[in-house]
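Notes follow once the structure below has been shown.
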Amino acid sequence: MPPMQLTSACIEDLVLKMSMARDLDEIMTAVRQSARDLIGADGISFVLKDNDCCYYADEDAIGPLWKGQRFPIQSCLSGFAMLQGKVVVINDIFRDGRFPIDAYANTFVKSLVIVPVRQDDPVGAIGAYWSKLDGPSPESIERLERIANTAAVAMTNVALIKSLAAAKEEAAQARDAMILAMASLAETRDHETGDHIRRTQHYVRALAEALQEQEAYAEQLSDEVVDLLYKSAPLHDIGKVGIPDCILLKPGKLEPEEFEVMKTHAELGHAAIATAERYMSSTTPFLSLAKEIAHTHHEKWNGTGYPRGLKGEEIPIGGRIMAIADVYDALVSARIYKPALPHEEAVDIIIKDSGEHFDPKLVQVFSKIAPKFEEIHRAFAKGH
């Protein structure tokens, strides 16, 4: 390949590396590794604007320059290029006179070019240095300008990516806060529910993570899905907000007609989350899963559950997981109408209900990790 084509190809390679950079260090590394040879300079420095200073963040040179040092922007040639927003070319630093030559006294530098990174609102500069007078050629200046322009775009992209990541994180935190706020609505109606939703959230994650190790569930229970299960689990009883106090807080067994009203909390929860979807004019994996769990966690493997009488694998995996978590916590927790059962007795009841109330494969995994459920119950017991 002819030298001109080779140089052009190398520049394109550098441009590509910078455009794909994920952070500032990758941008500077790309410049350090390639720019000096492409320009034909004896040294390259990457300078960042740091408030009122020029920070010489990186360099590649035949001798030491100023890496790691800071200079006032008003008395630094890189700062001058940034403040003016234009390229500075000096063919002989000893005859220029605009800035003191003390900074160059212990270096090889005799001529240089400084190009601001982003001319309208510079965020830095790239300097090229020669150990001979009249080092910068028109071609080297043009190439350095292209490298600086690409660096400007790359730095803008990195800043945008970080901004989007921060916004995404903020949105996720807001979502999690809203989940807890919505779930706390149920807690205000039923003081037992608050501790219940926190414990079941952790039961769900423990069981889902154990199921990930099973080949049959590994694909459908990705890390992302497990995280969504964990975060949406607190909404499983949100529908209880719509149940009258006389039924929700009754200190005894419900009459058949009262139980029919209590059962409507699954439909009420589903409807509440569906309303949120309609308001957004779309669904999200989180809302879809939360709605699914709220609607199906009282379905039974044999088809005798509610509200739809789903059977077997017609019941979504989230509902099947929540069913075990929900019943276990109800068994080991004291209620106004019943005492708490010992952990071992609760585990036996769930195992005996395998294939009737619960998915047999899930019960098999639950039986192996049941001690984790006991640990969670103790850790999140009322008052902790």
What's the extension gain from residue 369 to residue 23 if we count 0.36 nm per residue and subtract their Cα-Cα distance?
120.4 nm
Distant-in-sequence amide H partners of residue 117 (H built 1.01 Å from N, under 5 Å):
123, 124, 125, 126
To test your reading of the geometry: what angle, between 0 and 90 degrees and rounded to tens, separates the Cα axis of helix 343-352 from the longest principal axis of the chain?
80
Between residue 132 and residue 381, what is the label-to-label distance in nm when each label sits 7 Å out along the Cα-to-Cβ direction?
8.4
Along the Cα→Cβ direction, 7 angstrom out, place labels at residue 67 and residue 86. What is the inter-label distance in nm?
3.3
Alpha-carbon centroids, the stretch 58-84 and the stretch 192-260: separation in whole Å:
60
Electrostatic dipole magnitude of the chain [Cβ: Lys, Arg +1; Asp, Glu -1; Cα centre; debye, to 20]:
600
Counting pairwise Cα distances across the stretch 242-384, what percent come out greater than 28 angstrom?
24
Lys and Arg at +1, Asp and Glu at -1: add these up for the other residues within a Cβ distance under 15 Å of residue 96 and post the number.
0
Normalised by the residues of the stretch 12-85, what does the relative contact order come to in percent, with Cα pairs under 8 Å and at least six apart?
20
Quick one: of 291/372; 67/132; 231/368, which pairs are farther than 30 Å apart, Cα to Cα?
none
Could you give each residue of the stretch 353-359 its phi-based ³J(HN,Hα) in whole Hz, using Karplus coefficients 6.51, -1.76, 1.60 with θ = phi - 60°, and x for Gly or Pro?
8, 5, x, 9, 7, 10, 4
What percent does the relative contact order of the chain come to when contacts are Cα pairs within less than 8 Å and at least six residues apart?
11
Among 91, 80, 103, whose Cα projects farthest towards the positive end of the dipole of the stretch 55-110, with charges put on the beta-carbon of Lys, Arg (+1) and Asp, Glu (-1)?
80
If you project the alpha carbons of the stretch 3-158 onto the principal axes, what extent comes out on each, in Å, largest first?
38, 37, 26
At a Förster distance of 35 Å, what's the computed FRET efficiency of residue 16 paired with residue 284, Cβ-Cβ distance as r, to 0.05?
0.50
Environment charge of residue 75, counting only residues whose C-beta is closer than 13 Å and scoring Lys/Arg +1, Asp/Glu -1
0
Could you give the size of the charge dipole of the stretch 3-158 about its Cα centre, using +1 on the Cβ of each K and R and -1 on the Cβ of each D and E, expressed in debye and rounded to the nearest 20?
180
Expected 222 nm ellipticity per residue - DSSP helices of 4 or more, -39500 (n - 2.57), all of the chain, to 500:
-18500 deg cm²/dmol
Suppose the chain between residue 146 and residue 337 were pulled fully straight at 0.36 nm per residue; how much longer would it get relative to their current alpha carbon spacing?
61.1 nm
What FRET efficiency would be calculated for the residue pair residue 215, residue 50, taking the C-beta separation as r and a Förster radius of 51 Å, to the nearest 0.05?
0.45
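All of the numbers you see were taken from the coordinates with simple rules; none came from a lab. The structure presented is a predicted model; accordingly, all values stated were derived computationally and were not measured. Note: ideal-geometry Cβ built from the backbone for every residue, glycine included; neighbour counts use all protein chains shown.
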